[in-house]
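S.K.: Supplied in structure tokens, the structure appears directly below.
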Amino acid sequence: MTLFEFLEKSPTSFHAVMTIEQELLSEGYEELSESDAWIINRGGRYYVKRNDSSIIAFEIGAKMDEPSFRIAASHSDSPSFMVKENGTITVKDRYVLLNTEGYGGMICSTWFDRPLSLAGRAVVKENGRLVGRLFNIDRDLLMIPSLAIHMNRKVNEGMAYNKQIDMVPLFTEKSDGSNPFVAVLAGELGVREDEILSHEAYVYNRMKPVVWGADNEFISGFRLDDLQCAYASLHGFMKAECSDRVKVYACFDNEEVGSSTRQGAGSSFLRDVLERITENLGYGKEDYHRALSLSIMLSEDNAHAVHPNHPEKTDVANCVYMNDGIVVKQNANKKYATDAFGLAMCKDIAKKNNIPIQFFANRSDEAGGSTLGNIASCIVPVRTVDIGLAQLAMHSAYETAGAHDTDYMIDFTCEFYKY
């Protein structure tokens, strides 16, 4: 599966995890459930999901003498808009809008005047049980229309967009009093409208990913942050042979809203999985804590490339470019988890395997973003390194990255597992 195929199959966190699961199944990984007793063996390949929007896969080294973990972690979510429970608004008995609220910190202006649709999860009742059903309405369904410049002459002087007023998608032209949103959703799922008990429906951009540039050196698409790293780390994970330790791949939901959910990097999910692996292999609590001290994690999330129109926004020396390789991120205030040991490891891996590497730090007079590395390492105290790939327009509805960098990350992740 190519990166573009992965992006197109993953309009939401639920779909990204489903796509990852399909890749793992094709490679012989066995599904485990958190609600079942686990039986795992050396040499075995397994995965477990939580909330259908986070997934952890692992392979147990056949020649492992004592437990230790090599972990690569990324996230499955991106900024978007979620439909509220009472999901429609009627305007002047003519227009029907979808009543949405923002998820994460998006660049609002990038969502205007482009084809959009809906995907997510609905809960229906089947044979007396509540069942989650994924859906993706695979057609141009919505639009958020701009206000014409004639009605707002100052639009090009800067706008503060109100998500309740400016960012509400137009859905249909008329309403006969029924709920057209539920009707469309029921038609997509093949159920009656009254069988849909709840939904988590997200707006997504319908524009397909593309390769562009004078030398086809750039790619653009929806949700490159962080599906580019989720894809690359997955393929590095599956490619690596690692017989003397436990190889772990994690993709968490809800990074864009702080990770503080039961399926986020700030939850017990990773800790629970690592503890159960240790116990099922016959080791005790003391062995688990020793294993953590011998373990290391890559937190893989994209980084800000130098902007061609605003190079002043990045540090004069610790700045990064698309197609120049993986990015190691550091921050004095620990927004990134990288320390000197982790940085040295990255340099060593890159040098030994001829993988280009570069280094990112924020300007000292501007606060930057953070990611899941330092959050996850507070729950599971393993040494963590924050890395990523350089991109432009992070949190846009359509982001840009380097066409060559995905392969660099696949190779780097593979070598990390073997290091």
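The values are calculated or read from the model by the stated rules, or taken from the named source; none is laboratory data. Worth saying up front: this structure is predicted, and the values here are computed from it rather than measured. With ideal geometry, Cβ positions are generated from the backbone for all residues, glycine too; neighbour counts draw on all protein chains shown. Only protein heavy atoms, including side chains, enter the accessible area calculation; ligands, DNA and RNA are left aside. Shrake-Rupley method; radii C 1.70, N 1.55, O 1.52, S 1.80 Å.
S.K.: Could you pull out the GluC sites (Glu not before Pro) across the stretch 218-296 that fall in loop regions by DSSP (anything but H, G, I, E, B) with no more than 13 other Cβ atoms inside 10 Å? Before the final figure, lay out the partial values.
M.R.: Values: sites: E241, E255, E256, E275, E279, E286; in loops: E241.
Qualifying residues, ordered by number: E241.
S.K.: Please calculate the 1.4 Å probe accessible area of F359, with all protein chains present, and give it to the nearest 10 Å².
M.R.: Surface open to solvent at F359 totals about 70 Å².
S.K.: So if R0 is 30 Å, what FRET efficiency would H310 and C378 give, r being the distance between their Cβ atoms, rounded to the nearest 0.05?
M.R.: On the way: r = 33 Å, r/R0 = 1.11.
So, using R0 = 30 Å, E works out to roughly 0.35.
S.K.: Any idea how far apart E366 and E275 come out in nm if each label point goes 7 Å out from Cα toward Cβ?
M.R.: According to this spin-label approximation, the distance is 4.2 nm.
S.K.: For the stretch 166-246, report the convex hull volume of the alpha-carbon atoms normalised per residue, in Å³, without decimals.
M.R.: Values: hull volume 19.0 nm³, N = 81.
Spread over its residues, the Cα hull of the stretch 166-246 gives 235 Å³ apiece.
S.K.: On to the next question. Most mobile of N280, N86, N156 per a Gaussian network model of the chain (Cα springs, under 10 Å)?
M.R.: N156
S.K.: For a label point 7 Å from the Cα of K418 along Cα→C-beta, name the residues of the stretch 211-255 whose backbone N is under 17 Å from it.
M.R.: Zone members listed by number: 233-248.
S.K.: Check each of the trypsin sites (Lys or Arg not before Pro) in the stretch 34-133 and keep only those in coil by DSSP with at most 14 other C-beta atoms within 10 angstrom; list them in order.
M.R.: Working: sites: R42, R45, K49, R50, K63, R70, K84, K92, R94, R121, K125, R129, R133; in loops: R42, K63, K92, R94.
Listed in order of number, the matching sites are R42, K63, K92, R94.
S.K.: Going down the list K125/K174; K9/K329; K329/K352; K9/K239; K313/K335, which pairs span over 24 Å between their C-alpha atoms?
M.R.: Details: K125/K174 30 Å; K9/K329 29 Å; K329/K352 20 Å; K9/K239 22 Å; K313/K335 18 Å.
Beyond 24 Å: K125/K174; K9/K329.
S.K.: Figure the gain on full extension for A37 and L130 (residue separation times 0.36 nm, minus the Cα-Cα span) and round it to one decimal in nm.
M.R.: Extending this stretch completely gives an extra 31.2 nm.
S.K.: Additional query: What percentage of the solvent-accessible surface of the chain, computed with a 1.4 Å probe over protein heavy atoms, is contributed by carbon and sulfur atoms?
M.R.: Numbers: 8870 of 18700 Å².
Carbon and sulfur atoms account for 47 percent of the accessible area of the chain.
S.K.: Further question: Select from the stretch 1-40 those GluC sites (Glu not before Pro) which occupy a DSSP coil region and have at most 15 other Cβ atoms within 10 Å, ordered by residue number.
M.R.: Values: sites: E5, E8, E21, E23, E27, E30, E31, E34; in loops: E27, E34.
Answer in residue order: E27, E34.
S.K.: With the crude spin-label approximation of a point 7 Å out along Cα→Cβ, what separation in nm comes out for S109 versus D138?
M.R.: So the two model labels end up 3.5 nm from each other.
S.K.: What is the calculated FRET efficiency for K208 to M64, with r their C-beta to C-beta distance and R₀ = 35 Å, to the nearest 0.05?
M.R.: Details: r = 43 Å, r/R0 = 1.23.
Between K208 and M64 the formula returns 0.20.
S.K.: What's the extension gain from R290 to A183 if we count 0.36 nm per residue and subtract their Cα-Cα distance?
M.R.: Length gained between R290 and A183: 33.0 nm.
S.K.: Kindly report, to the nearest 10 Å², the accessible surface of M322 as traced by a 1.4 Å probe over protein heavy atoms only.
M.R.: About 30 Å², rounded to the nearest 10.
S.K.: Can you tell me, using C-alpha contacts under 8 Å and at least 6 residues apart, the relative contact order of the stretch 260-419 as a whole percent? Don't skip to the end; give the middle numbers.
M.R.: Details: 260 pairs, mean separation 52.0, N = 160.
Answer for the stretch 260-419 is 33 percent.
S.K.: In square angstrom, what is the accessible area per residue of the stretch 11-74 with a 1.4 angstrom probe?
M.R.: On the way: 2390 Å² over 64 residues.
Accessible area per residue, the stretch 11-74: 37 Å².
S.K.: At 222 nm, what helix-only mean residue ellipticity would the chain give, in deg cm²/dmol to the nearest 500, using -39500 (n - 2.57) for each DSSP H run of four or more? Kindly include the intermediate steps, with their values, before the conclusion.
M.R.: Details: 9 runs with 102 residues, N = 419.
Helices in the chain give a 222 nm mean residue ellipticity of -7500 deg cm²/dmol.
S.K.: Between N156 and D339, what is the spin-label point distance in nm, taking each point 7 Å from the Cα along the Cα→C-beta axis?
M.R.: Distance between label points: 5.3 nm.
S.K.: Under a GNM of the chain (C-alpha, springs under 10 Å), which listed residue has the highest mean-square fluctuation: N254, N318, N333?
M.R.: N333
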